[in-house]
Amino acid sequence: MSQYILRRLLIAIPSLLGISLVLFVVLALAPGDPFSELATNPNVPPEVQAALRAKFGLDDPIYLRYLHWLAAMAQGDWGFSFVSRMNVDTLILQRLPATLYIIGSAQLLALLIAIPVGVYAATRPYSLFDQIANTFAFIGFSLPTFFTGILFILVFSVKLDWLPFVYTDVPGSGIKWALEMIRQAIMPVMVLGLFQAASMTRFVRSAMLDVIRLDYVTTARAKGLGQAKVIVKHVMRNAMIPVVTLIALQMPAVFGGAIVTEQIFRIPGIGSLLISSILANDTPVIMAVTFVFACLVVLFNLIADVLYGWLDPRISFR
């Protein structure tokens, strides 16, 4: 297992290098730079502007700038934010917990909804429950997250005044603080979680139907095993393999949805940090945040590969 994980991590290095190279070239060729506002500021002398550009290497060739950035990243130096006036790694570490909290809670909610509903619908295909589940699933993944977020704000914040529509840093500690944090996270978690649950439900149902018709399931029933044991022990475990693949492949879409959701609910996560950095041409932050997203996607794909072997012992880690 450890050798397999190490091998996958070594394979991921060229992928991350390629992603970083593409991101860096695209950002370098994009119009504007972090010091573009200095050119229109009469209070900054031209020699100061030239000195700053020379210090940060903004006039160097692209390949030299990329090599300098890569060497600095390897040493743990992620750059300096020209807008926030602080190190990029410190800025990201301040924002990352909020994003992981929302995304993790949303994925957990999606699994808690999709797996029971999909399994129950597959055991009773074309029943009333199955038709209702399919209808809500179609509606769920047809509505974009920005529309659902605005709808939730109008209903639960404006009309009913049950939940806050702005996510804020609540000072304090203890049970009251924890309840307030949960309360303000309900809507963004529901928006992301229901959207993911809709597509997962359809996929769980389809995977279950593919496995439930196989001969070994019929054999297990012929041996006298109960329906619940057959479904849980023999059907669900094999049916979860394509579901794990779907979850891993959906992670880029999850992070993309988190960016939109953080903007709607003003969550101080790395998604909102990315949007504000793009608007301000804060290139070091943009590069670091997109690279963190790429690393998280590679990590979740590695976790999915490890789960394959746990779900199906026939899959080897060689």
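The values are calculated or read from the model by the stated rules, or taken from the named source; none is laboratory data. Keep in mind it's a predicted model, so treat the numbers as computed, not measured. As a convention, Cβ positions derive from the backbone with ideal geometry for all residues, glycine included, and neighbour counts pool all protein chains shown. Remember, those area values only see protein heavy atoms, side chains included, never the ligands or the DNA or RNA. Shrake-Rupley method; radii C 1.70, N 1.55, O 1.52, S 1.80 Å.
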The set of residues whose placed amide H lies less than 5 Å from the amide H of Phe80, leaving out same-chain residues fewer than 5 positions away, is Val88
In degrees, nearest 10, the alpha-carbon axis of helix 270-279 is tilted away from the dominant principal axis of the alpha carbons of the chain by 40 degrees
The simple spin-label model distance between Leu112 and Thr135, using points 7 Å out along Cα→Cβ, in nm, is 2.6 nm
With Cα coordinates, the longest principal axis of the chain makes an angle with the long axis of helix 175-212, in degrees rounded to 10, of 50 degrees
Partner lysines whose C-alpha sits under 18 Å from that of Lys223, ignoring same-chain residues fewer than 8 away, are Lys233
Once normalised by the length of the chain, the mean sequence separation of its alpha carbon contacts under 8 Å that are 6 or more apart gives a contact order in percent of 26 percent
Treating only Lys and Arg (+1) and Asp and Glu (-1) as charged, each at its beta carbon, one finds that the chain has a dipole about its Cα centre, in Debye to the nearest 20, of 1480 debye
With Ala71 itself left out, Lys, Arg at +1 and Asp, Glu at -1 over residues whose Cβ is under 12 Å from its Cβ give 0
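Roughly how large, in nm² to one decimal, is the mean projection of the convex hull of the alpha-carbon atoms in the chain?
Projected over every direction and averaged, the Cα hull of the chain covers 22.3 nm².
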Between Lys159 and Leu6, the two model label points (7 Å from Cα along the beta-carbon direction) sit apart by a distance in nm of 5.9 nm
Note to self: C-alpha centroids of segment 97-132 and segment 253-282 sit apart, in Å, by 26 Å
Low-density loop trypsin sites (Lys or Arg not before Pro), segment 48-141, at most 13 other Cβ within 10 Å, DSSP non-H/G/I/E/B, are Arg85
Taking a crude spin-label model, label points 7 Å out from Cα along the C-beta direction, the Asp60 to Thr168 distance in nm is 4.4 nm
Debye calc, one equal point scatterer per Cα of segment 219-316, no solvent, log10 I(q)/I(0) at q = 0.15 1/Å comes to -0.73
Placing one equal point scatterer on each C-alpha of segment 72-129 and summing with Debye, one gets log10 I(q)/I(0) at q = 0.14, 0.28 Å⁻¹ equal to -0.60, -1.02
If N is the residue count of segment 96-248, its Cα Rg over 2.2 N^0.38 Å rounds to 1.27
Once phi for every residue in segment 152-159 is put through the Karplus expression 6.51 cos²θ - 1.76 cosθ + 1.60 (θ = phi - 60°), the whole-Hz ³J(HN,Hα) values, with Gly and Pro written as x, are 5, 5, 4, 7, 8, 9, 7, 7
When the charge dipole of the chain is computed with +1 on Lys and Arg Cβ and -1 on Asp and Glu Cβ about the Cα centre, the Cα farthest towards its positive end, among Gly57, Val204, Ser157, belongs to Val204
Extend 7 Å from the Cα of Leu299 along its Cα-to-C-beta direction; within segment 226-262, residues with backbone N under 18 Å of that point are 247-259
About its Cα centre, segment 194-280 carries a charge dipole, from +1 on Lys and Arg Cβ atoms and -1 on Asp and Glu Cβ atoms, whose size in debye to the nearest 20 is 480 debye
If one compares the long axis through the Cα atoms of helix 2-29 with the longest principal axis of the Cα atoms of the chain, the angle in degrees, nearest 10, works out at 50 degrees
Taking Asp60, Asp161, Asp305 and ranking on accessible area (1.4 Å, protein atoms only), highest first, one gets Asp161, Asp60, Asp305
Segment 103-146: Kirkwood hydrodynamic radius (Cα pairs, Å) comes out at 11.3 Å
With a Förster distance of 45 angstrom and the Cβ-Cβ distance between Ser206 and Val25, calculated FRET efficiency to the nearest 0.05 equals 0.70
For segment 86-167, shape from the Cα gyration tensor axes a ≥ b ≥ c, cut at a/c of 1.5 then a/b versus b/c, turns out oblate
